[in-house]
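**Student:** Just dropping this structure here.
The values are calculated or read from the model by the stated rules, or taken from the named source; none is laboratory data. Fair warning: this is a prediction, and the values are worked out from it, not measured in the lab. Every residue, glycine among them, receives a Cβ derived from its backbone with ideal geometry; neighbour counts consider all protein chains shown. The accessibility values were calculated without ligands, DNA or RNA, using every heavy atom of the protein model including side chains. Shrake-Rupley method; radii C 1.70, N 1.55, O 1.52, S 1.80 Å.
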Amino acid sequence: MTQPTLRIAPSILSANFARLGEEVRAIEAAGADLVHFDVMDNHYVPNLTIGPLVCEAIRPHVKIGIDVHLMVEPVDAIIPLFAKAGANLITFHPEASRHVDRSLAMIHDLGCKAGLVLNPATPITWIDHVMDKLDMILLMSVNPGFGGQKFIASTLPKLRLVRARIDAHVAAGGQPIWLEVDGGVKVDNIGEIVAAGADTCVAGSAVFGAPDADGGYKGVMQALRHAAQQNC
Ligand code: DX5
Ligand code: ZN
C-alpha cells in the first residue's frame, strides 16, 4: 500500500462564524492544507450552513485550496456558483445528483477538481464507472449534517477497500485520486485512519475546539500529524 503525504483540512463548520476571515487565516498559519467548506441545504441534510457568498468572502484571506463539500440536492445549479466563488475542489453525494457523470464533467469544465462523497451506508460501487473522472473520493465517517459526531468504525474497512481500488487504478496508469475522510477525526484515531489508507483528513471540532493551553490550532495540527505518523 502506498503511504502518501497527509493533508489536513479543518472544517470551518466548527469555526467562529462571526470572525471567519480571521479563523481561516489562523488555520492556514497553523499548517492547514485545505479549508473544508461544508454546504448544507436543510433538504439533503437536516441543517443549513453557508453558500457561495461566504466562499467568495473568505477566498482572499488564504492561499490554500478551498475544498467545498456539497450536502445539497440537487447539485448542478449550485456548482457554477461555487466555481465562480473561488472553490478549488468540489465534492458532492452521488445519490443527490440525477446524472453523476454530468455533474463531475461540469465541475471539471469550470476548472475545479471533482470528487464523490460516500455516506457511511453508501456502497462504493458508485465509483465503479467514474474512476477516471475523480480527483478525490471522500468517505463520510459520520452521517452528514453536523460537526462533533462520533467516528463510525466501519469506515476503516471501507477505507482499506477504496485505498486498494485507488492503488490498482494508479498502478494501471490512472490519474492520482485523493482519499479523504470526514467526521469524528481526532488525535486519538487519526493514526488508524491514515493506516487504513486516508491521505486527506477533515477535522472540525478537533481543530476549532483545541484549547489554547495545548497550543491552539497550531498545537492540534502538530498533534494530528504526529499521531498520524505514529500508527502508520
Ligand atoms: C459533517 C461535515 C463535517 C464536519 C466534521 O456533515 O461534513 O465536515 O464538519 O466535523 P467533526 O470533525 O467535528 O466531526
Ligand atoms: Zn464535510
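**Student:** Name the single residue, out of those in segment 62-79 being surrounded by 15 or more Cβ atoms within 10 Å (Cβ to Cβ) and more than 28 Å from residue 125 (Cβ to Cβ), that is farthest from the chain's Cα centre (by Cα).
**Tutor:** Per the criteria, the residue is 62.
**Student:** Does segment 178-187 hold any residues that are touching a strand residue (DSSP E or B) at 6+ places or on another chain (Cβ under 6 Å) and among the β-branched types (Val, Ile, Thr), and which are they?
**Tutor:** Within segment 178-187, 181, 185 qualify.
**Student:** Right, another one. Listed residues 35, 24, 54, 45; which is within 12 Å of ligand 1 (Cβ to nearest atom), more than 30 Å from residue 170 (Cβ to Cβ) and modelled with pLDDT of 95 or more?
**Tutor:** Working: 35 fails: more than 30 Å from residue 170 (Cβ to Cβ); 24 fails: within 12 Å of ligand 1 (Cβ to nearest atom); 54 fails: within 12 Å of ligand 1 (Cβ to nearest atom).
Just one listed residue meets the conditions, 45.
**Student:** I've got another one for you. Given the conditions (1) touching a Pro at 6+ places or on another chain (Cβ under 9 Å); (2) open to solvent by 50 Å² or more (accessible area, probe 1.4 Å); (3) within 16 Å of ligand 2 (Cβ to nearest atom), and given that residue 93 satisfies all but one, which numbered condition is not satisfied?
**Tutor:** The single condition residue 93 does not satisfy is (2).
**Student:** If I filter segment 132-147 for residues that are away from ligand 1 (no atom under 16 Å from the Cβ), of a type in the set (S, T, N, Q) and either open to solvent by 50 Å² or more (accessible area, probe 1.4 Å) or closer than 23 Å to residue 86 by Cβ (or both), do I get at least one hit? Explain how you work it out, then say what you get.
**Tutor:** So in segment 132-147, the residues away from ligand 1 (no atom under 16 Å from the Cβ) come out as 132-135.
If we keep only those that are of a type in the set (S, T, N, Q) too, we end up with none.
No, every residue in segment 132-147 fails to be away from ligand 1 (no atom under 16 Å from the Cβ), of a type in the set (S, T, N, Q) and either open to solvent by 50 Å² or more (accessible area, probe 1.4 Å) or closer than 23 Å to residue 86 by Cβ (or both).
**Student:** Looking only at segment 205-218, decide whether some residue is within 29 Å of residue 133 (Cα to Cα) and either within 16 Å of ligand 1 (Cβ to nearest atom) or among the polar types (S, T, N, Q) (or both). Walk me through it before giving the result.
**Tutor:** To start, the set of residues in segment 205-218 that are within 29 Å of residue 133 (Cα to Cα) comprises none.
Among the residues of segment 205-218, not one is within 29 Å of residue 133 (Cα to Cα) and either within 16 Å of ligand 1 (Cβ to nearest atom) or among the polar types (S, T, N, Q) (or both), which makes the answer no.
**Student:** Moving to a separate point now. When you check residue 80 against the structure, is it under 25 Å from residue 60 (Cα atoms), in contact (Cβ under 8 Å) with a residue 12 or more places away in the chain and more than 16 Å from ligand 2 (Cβ to nearest atom), yes or no?
**Tutor:** Details: under 25 Å from residue 60 (Cα atoms): yes; in contact (Cβ under 8 Å) with a residue 12 or more places away in the chain: yes; more than 16 Å from ligand 2 (Cβ to nearest atom): yes.
Against the criterion (under 25 Å from residue 60 (Cα atoms), in contact (Cβ under 8 Å) with a residue 12 or more places away in the chain and more than 16 Å from ligand 2 (Cβ to nearest atom)), residue 80 qualifies.
**Student:** Let me ask you something else. Tally the residues that are within 16 Å of ligand 2 (Cβ to nearest atom) and among the basic types (Lys, Arg), restricting the search to segment 139-192.
**Tutor:** Summing the residues that are within 16 Å of ligand 2 (Cβ to nearest atom) and among the basic types (Lys, Arg) in segment 139-192 gives 2.
**Student:** Would you confirm, using the coordinates I've provided, whether residue 100 is touching a Pro at 6+ places or on another chain (Cβ under 6 Å), closer than 25 Å to residue 124 by Cβ, buried (at least 20 other Cβ atoms within 10 Å of the Cβ) and in contact (Cβ under 8 Å) with a residue 12 or more places away in the chain? If you could, list the steps in order and put the result at the bottom.
**Tutor:** Working: touching a Pro at 6+ places or on another chain (Cβ under 6 Å): yes; closer than 25 Å to residue 124 by Cβ: yes; buried (at least 20 other Cβ atoms within 10 Å of the Cβ): yes; in contact (Cβ under 8 Å) with a residue 12 or more places away in the chain: yes.
When the stated conditions are applied, residue 100 passes them.
**Student:** Name every residue in segment 1-21 that is open to solvent by 20 Å² or more (accessible area, probe 1.4 Å), within 15 Å of ligand 1 (Cβ to nearest atom) and in contact with an Asp or Glu (Cβ under 7 Å, 6 or more places away or on another chain), in order of residue number.
**Tutor:** Result: 7, 13, 16.
Listed here are the residues, each with its yes/no results for (1) open to solvent by less than 20 Å² (accessible area, probe 1.4 Å); (2) farther than 21 Å from residue 25 by Cα.
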position	(1), (2)
163	yes, yes
168	no, yes
176	no, yes
180	yes, yes
184	yes, yes
195	no, yes
203	yes, no
217	no, no
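**Student:** Could you please give the count of residues in segment 21-44 that are touching a residue at least 40 places away in the same chain (Cβ under 8 Å) and out of contact with any His (no Cβ under 8 Å at 6 or more places or on another chain)?
**Tutor:** 10
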